[in-house]
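For reference, the structure discussed in these notes is given below.
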Amino acid sequence: VIEKLLAGGADVNLGCRKPPDQSPFLLSPSMRNIRSQPEENPVRAPGWTPLMEATRARSHHLIKLLAAHGANPNGTTAGDYTALIEAASIGVASIASTLLEIGARVDLPGDDGRTPLHYVMGKGYVEVMQVLLRDMTRSCG
């Protein structure tokens, strides 16, 4: 279903306006079925994008597929929440790394002023912290 939506020119950056409104991607059976683990926090903020959903679902394949079709790796919800903040919040280093590969910025804060690094430090996700710090040092050097 995701591939058909992409082939039809669906907007990969279209987020939900307000829950329960959702983009065609978020409503598709393919997106709902990719979640490999029960969700800790099933709430989606206004502006939640397909890339954020793929991040929450821990799907490298969908993240790369959406990016190849123009998904903005730094798109934000109404609260300036990004896909990288989501990856930091769920503590998955490999997903954070994939997002950084497609251009996500580690320095973008949410509206609460916290960056992805703040989220991982607060939760003690050392592997994600290492990925983020490595990216920060690469961008500085």
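The values are calculated or read from the model by the stated rules, or taken from the named source; none is laboratory data. Worth saying up front: this structure is predicted, and the values here are computed from it rather than measured. In this analysis, Cβ positions are derived from the backbone assuming ideal geometry, glycine residues included, and neighbour counts consider all displayed protein chains. Remember, those area values only see protein heavy atoms, side chains included, never the ligands or the DNA or RNA. Shrake-Rupley method; radii C 1.70, N 1.55, O 1.52, S 1.80 Å.
One line per residue, one yes/no per condition, for (1) over 15 Å from ILE2 (Cβ atoms); (2) of a type outside the set (Val, Ile, Thr); (3) at pLDDT 95 or above; (4) over 12 Å from the mean Cα position of the chain (by Cα):
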site	(1), (2), (3), (4)
PRO50	no, yes, no, no
HIS69	no, yes, no, yes
ALA78	yes, yes, no, yes
TYR81	yes, yes, no, no
LEU84	yes, yes, yes, no
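Given the criteria open to solvent by 10 Å² or more (accessible area, probe 1.4 Å), at pLDDT 95 or above, among the charged types (D, E, K, R) and not in a loop (DSSP other than H, G, I, E, B), does LYS4 qualify?
For LYS4, the condition - open to solvent by 10 Å² or more (accessible area, probe 1.4 Å), at pLDDT 95 or above, among the charged types (D, E, K, R) and not in a loop (DSSP other than H, G, I, E, B) - is not met.
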Considering only helices (runs of 4 or more DSSP H) fully contained in the stretch 79-133, which possess at least 3 residues that are more than 14 Å from LEU51 (Cα to Cα) and open to solvent by 50 Å² or more (accessible area, probe 1.4 Å)? 116-123
